[in-house]
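The values are calculated or read from the model by the stated rules, or taken from the named source; none is laboratory data. Since this is a predicted model, take the numbers as computed values, not measurements. For neighbour counting, all protein chains shown are included, and Cβ atoms are generated from backbone atoms with ideal geometry for every residue, glycine included.
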């Protein structure tokens, strides 16, 4: 009987199985660490229907398990990457060693702290990262300088800075503390250093940046360096909400989904 399963590039299959991100998988293949039926693969463009016979570092790759999603309170001073050539600490140095193989959803800069989502599923990672999905991210920034609420409200129409167009940002002035202000910003694109660049364009110098929400998942009182796992029912509800969201409507589920969120803390 013919095998009618769709074919996919091996990098995609390995990422879905939680081995690593696509980029990291491609690097692993280039290093000759991935083999099919004992023969090292030379290109990530290899197309397969399954991971049967595939090994990484000599170990068979297990069939992907149901997706799992974790919350991590990333501290400042650690990189969102697996390894750093300069030897700087990464999130994997801070994560508990008994967790499954996890890949980060997006990135937080070295000096940005707060909520970082981690998942075992490469497909879920991409779904959460795509700007077209419209998942909201909320940040709190402490910055030196002066800004008006009207200047922040004008960001709702988006802004162009040095040729880069940033989409609609819902920004509010939380409070002033001496020469500093606290600003809350919610956005959906999450371009590289977007919050810092927008605030710097407004004449502010950011001294602390914390991500407090990603979709319905909130940082809450998770301690710095702490990890929590999203309950299966909440993850299923969230993924269903992403699938049914209208193309031009934010894909963040209703508050009821966020209200049901729960996590087992490690």
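Looking at 225, 203 in this structure, which one is in contact (Cβ under 8 Å) with a residue 24 or more places away in the chain and assigned by TED's automatic domain parsing to the domain that holds residue 98?
It is 225.
Taking segment 49-70 on its own, how many of its residues are touching a helix residue (DSSP H, G or I) at 6+ places or on another chain (Cβ under 7 Å) and more than 30 Å from residue 230 (Cβ to Cβ)?
The number of residues fulfilling the criteria is 0.
Among residues belonging to segment 214-230 that are out of contact with any strand residue (DSSP E or B) (no Cβ under 7 Å at 6 or more places or on another chain) and surrounded by fewer than 20 Cβ atoms within 10 Å (Cβ to Cβ), point out the one that is nearest to residue 185 (Cα to Cα).
Per the criteria, the residue is 220.
Return yes when residue 13 is in contact with a helix residue (DSSP H, G or I) (Cβ under 7 Å, 6 or more places away or on another chain), modelled with pLDDT of 85 or more and within 24 Å of residue 69 (Cβ to Cβ) and no when it is not.
Against the criterion (in contact with a helix residue (DSSP H, G or I) (Cβ under 7 Å, 6 or more places away or on another chain), modelled with pLDDT of 85 or more and within 24 Å of residue 69 (Cβ to Cβ)), residue 13 does not qualify.
Restricting segment 59-74 to residues that are part of a loop (DSSP other than H, G, I, E, B) and under 15 Å from the mean Cα position of the chain (by Cα), which is modelled with the highest pLDDT?
Of everything passing the filter in segment 59-74, 68 is modelled with the highest pLDDT.
Name the strands (runs of 3 or more DSSP E) wholly within segment 109-178 that hold at least 3 residues that are surrounded by fewer than 20 Cβ atoms within 10 Å (Cβ to Cβ)?
137-144, 159-161, 164-166, 170-177
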